[in-house]
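For reference, the structure is listed below as structure tokens.
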Amino acid sequence: MITSFNDLERQNVHVAKFVTQYSAFPSAEVMCNVDGNGNLTSTKIVNESKANGGLGAVAVKACEGAKFIPALDNGKPVPGQFNLAIDFAMLVNPDDMAPGSHLKQREE
């Protein structure tokens with residue numbers, strides 16, 4: 001993803017606050033297909049911590065409109081595929097963080 005992880009967190013931090021009260025480990029994984037120009041061509045929800053819980057749809061929405069670095073084959077851009085896994089409990093608003101790590105400590 002050419003946009004920063006901070007942008008991904010900004011888009012989803014409001015969801016993290018809501019879902020953590022319903023699940024100890026709210027997460028989703030999405031398979032993304034990208035063309036040779038870095039455009040997202042399709043997505044598929046691979047896993048959600050709660051089946052049909054809506055977190056997969058949130059992860060898909062976070063990818064929409066983003067520009068990606070395409071896969072390379074002998075230095076030439078080609079279509080590719082990758083999985084994006086998001087642990088919503090670990091997301092924080094980067095604008096509220098002090099300089100340093102962007103990850104908060106997991107409370108167990």
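Below, the figures for the structure above:
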| quantity | calculated |
| --- | --- |
| Length added when fully stretched, K76-E64, from 0.36 nm per residue minus Cα-Cα | 1.9 nm |
| Amide H within-cut-off set for K67, under 5 Å, with H built and near neighbours excluded | I2, T3 |
| Heavy atoms of D35 accessible to a 1.4 Å probe, total area in Å² rounded to 10 | 40 Å² |
| Backbone HN-Hα couplings from phi across the range 46-62 [Karplus 6.51/-1.76/1.60, Hz, Gly and Pro as x] | 8, 7, 9, 4, 10, 3, 6, x, x, 6, x, 5, 5, 5, 4, 4, 5 |
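The values are calculated or read from the model by the stated rules, or taken from the named source; none is laboratory data. What you see is a predicted model; the values in this text were computed from it and never measured. Heads up: the accessible areas ignore ligands, DNA and RNA and are worked out on the full protein's heavy atoms, side chains in. Shrake-Rupley method; radii C 1.70, N 1.55, O 1.52, S 1.80 Å.
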